[in-house]
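The values are calculated or read from the model by the stated rules, or taken from the named source; none is laboratory data. If you're wondering where the values come from, they're calculated on a predicted model, not measured in any experiment. Here the Cβ positions follow ideal geometry from the backbone for every residue, glycine too, while neighbour counts run over all protein chains shown. With ligands, DNA and RNA removed, areas are computed over all heavy atoms of the protein, side chains included. Shrake-Rupley method; radii C 1.70, N 1.55, O 1.52, S 1.80 Å.
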Amino acid sequence: MLIAIENIIKSDYTKKGKKIFGTAFLGFFVWNVLSIYWVYNALKIVGEVVALPISFIPYSLGPLLMAIACLFYYRLRMATNRGWGLAGLVCFWIGYEYLHQSWDLNFPWMTLGNGFAVSHQLVQWYEYTGVYGGTLWIWVLNILLFLIYTGSREAMDKKRRTKLIIAFGLTLILPLSFSLYRYSSYKEQVNPSNIVVAQPNIDPYAKENSIPTSEQLKTLTQISDSVGQRNTEFFLWPETAIPDETNEDNIRTNPNFQQIQRFLSKYKNGNVITGAETFKYYNKQVTPNTKYDERTHTYYDNFNAAVNIENSAEVQFYHKSKFVPGAESMPFGNTLSFLKPVFAHLGGATGTYGGQDEPGVFYSASGIGAAPVICYESIWGEWIATSVHKGAQFIAIITNDGWWGNTSGKDQHIDYAKLRAIETRRWVCRSANTGISAFINQRGDVVQQSKWWVKTALKQDINLNSDLTFYVLHGDYIAKLGCILALFGVGFIVVKRVLKRKDSVG
C-alpha cells in the first residue's frame, strides 16, 4: 500500500488525494471481506438478499477508516516531508484502531496486532505492550522495507541504505528472539484449581423457543457431572445458558437457580458461572439506556449477564458491556433505529442492553477471583486487564459462536483469547455453546479444546496467578499516546491548509 501511494504521489494525477483514498479503500475492503466474510453467514438468517447490504456495514466501515488514515498521511507528507509523514501514518493508523474499539460502531476485530494470534509464540512481549505493540511493530517493519525499496530506486547512498537494512534486521530479530526466549523459559507458579467448561451444543436459534430451559439446564448438569470432581471449584456454562428472562432481585426463588443449586450440592467448593438473560426494575431512570414499562409504570434494564452461583445464598452478577453493534445495542441512539427488525433475528436485543461502567470480578467462597468475559468482550485487552488488576486470577470466557456457523469466525475468536492469556499471564477457560470450548495456559497455548458442534465437557487443573504484568498495570498506553499524536497531526494539517488558502487568496 505504501508503494502504491508513493507511485500516486509521484504521478501526474491532478487529484492525488482522492486517488490515494480510493486505492486504499479498495485494497483494505478486499482484505476485510476475505478476513471477516463470516459476518454475512451470521446475518443471512434474515434473508440472503437482505443480509448482503447489512454485511457491507462492517465490510466497509473499517476500510473507510483505514483509507482516511492513509489520506491524512498524504496530507501530512505534502505539508512536511516523507519522514514526518510516515511517523504520522503510524499514529493515524493506531488512532483509527483505538477509535474502532471505542465508539458506538466498535469492531476491533481487524486490529493489526491481532494477526499474531495464530503464532502467539512470536509475541510473548504482549505482556508489556498488548496488541497495539504488534500494530506498531508491523508498521515499523513495513516502513523500513518501504524506505529500503524506495532508496534503491532513488540512488540512496550505500551508508544510509546499510543503516536501514541493519535497523530492519534488528527490529525483526530482537523482538522475535526475546519472545521465543520468554516462551521457552516461562514457568507458571504452581497454584492449582480444577475447572470444568461445558459445551451443551444447543442450536442458538432453538434456545429461546424450542427447548425448555429446564431441559437445557439438565443437559448442562449432566455433562458437567460427567467430568466434575469433588475438588472442582468452577463450572463454566456458556453465554445465555439460561435463556429465560430472570429478575435479578428475585433470582433466589427462581426455579432455574434452584435447579443449579441442587446440582452444586455435591461440590462443596463449587461455583457455576453461567450466562443468563436478566432484567432489573427501578423506580426511576438510572441510565440513558433504561427503558420505561407503561404497563407497570416502572423503569427497567435488560442484561446479557454472567451469574456466579455457589452453595449459598450469595449471587454475583456481571453485565456484558462491550456490545455487538446492532444485535445488542443500537449505535447512535435512534439514528439507526430502522435496522431494529433486522437485528432482532440475530438473537440480540432490538433496543439496547444495559451494561456497567467497569469490568467485574467474581469471587468464590474460597477467595478465588475470576474475570467474567462474555463473547465479544474477549477482543478488548484493556477491559480484561482491568478485571485482572482488580483481582482476577483466571479469565472465564462464556460465548455462543453458533451464529456464525462452521466458519473461520469461531476459529479467529478462540485465537484472540490466546492474546488475552499472554497480556495478563492468566489461564483462559472458555465455554462455548456449540464450540470451540478450550483451556489456554499462561503462554497462550491451547492445552485442551473441544470439537465444533459436539456436546461435551472438559476439565483441567489450571494454575491461578496473582502477579500483574506491565500491560495489566498500564493498559493500552501505546494506543492512547498514538491518539494524542494523531490529533496533533490532524491539527497541524488543518492549520497548514488554512494558511495555504489565505496565502493563495492574498
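Couple of notes before you dig in:
- Every pair of residues 6+ apart whose Cβ atoms lie under 7 Å, when the first sits in region 238-262 and is at pLDDT 95 or above while the second is surrounded by fewer than 13 Cβ atoms within 10 Å (Cβ to Cβ) and part of a helix (DSSP H, G or I): Gln259/Ser214
- Residues satisfying the stated conditions in region 173-204, i.e. of a type in the set (Val, Ile, Thr) and either open to solvent by less than 30 Å² (accessible area, probe 1.4 Å) or at positive phi (or both): Ile195, Val196, Val197, Ile202
- Filter pass, Phe279 being closer than 14 Å to Tyr353 by Cα, in contact (Cβ under 8 Å) with a residue 24 or more places away in the chain and not small (Gly, Ala, Ser): yes
- Residue tally, condition surrounded by fewer than 20 Cβ atoms within 10 Å (Cβ to Cβ) and more than 21 Å from Ser312 (Cβ to Cβ), over region 356-376: 3
- Candidates in region 205-226 are the residues that are hydroxyl-bearing (Ser, Thr, Tyr) and in contact (Cβ under 8 Å) with a residue 60 or more places away in the chain; of these, the one that is surrounded by the most Cβ atoms within 10 Å (Cβ to Cβ) is Ser224.
- Matching option when the condition is free of Cβ contacts under 8 Å to residues at least 24 places away in the same chain, closer than 30 Å to Val490 by Cβ and either open to solvent by less than 50 Å² (accessible area, probe 1.4 Å) or of a type in the set (Gly, Ala, Ser) (or both), among Leu105, Leu164, Leu86, Leu145: Leu164
- Scanning region 436-463 for residues that are within 15 Å of Phe235 (Cβ to Cβ), open to solvent by less than 50 Å² (accessible area, probe 1.4 Å) and not hydroxyl-bearing (Ser, Thr, Tyr) returns Phe439, Ala457, Leu458, Gln460, Ile462.
- Out of Lys418, Lys410, Lys390, one residue alone is in contact with a His (Cβ under 6 Å, 6 or more places away or on another chain) and either over 24 Å from Glu314 (Cα atoms) or at pLDDT 95 or above (or both). It is Lys418.
- Search result, residues across region 381-410 that are assigned to a loop (DSSP other than H, G, I, E, B) and open to solvent by less than 10 Å² (accessible area, probe 1.4 Å): Ala392, Asn400
- Test: residue in region 53-73 that is more than 21 Å from Gly489 (Cβ to Cβ), open to solvent by less than 20 Å² (accessible area, probe 1.4 Å), out of contact with any Leu (no Cβ under 7 Å at 6 or more places or on another chain) and not β-branched (Val, Ile, Thr): yes
- Checking Leu481, Leu468, Leu419, Leu458 one by one, the residue that is in contact (Cβ under 8 Å) with a residue 12 or more places away in the chain and part of a helix (DSSP H, G or I) is Leu419 and no other.
- Count - residues of region 447-477 that are under 17 Å from Ile379 (Cα atoms) and hydrophobic (A, V, I, L, M, F, W, C): 1
- For region 411-435, filtering for residues that are open to solvent by less than 10 Å² (accessible area, probe 1.4 Å) and of a type outside the set (A, V, I, L, M) leaves 12.
- Entirely in region 1-111, the helices (runs of 4 or more DSSP H) that have 1 or more residues that are over 22 Å from Phe323 (Cα atoms): 2-9, 16-35, 48-79, 82-99
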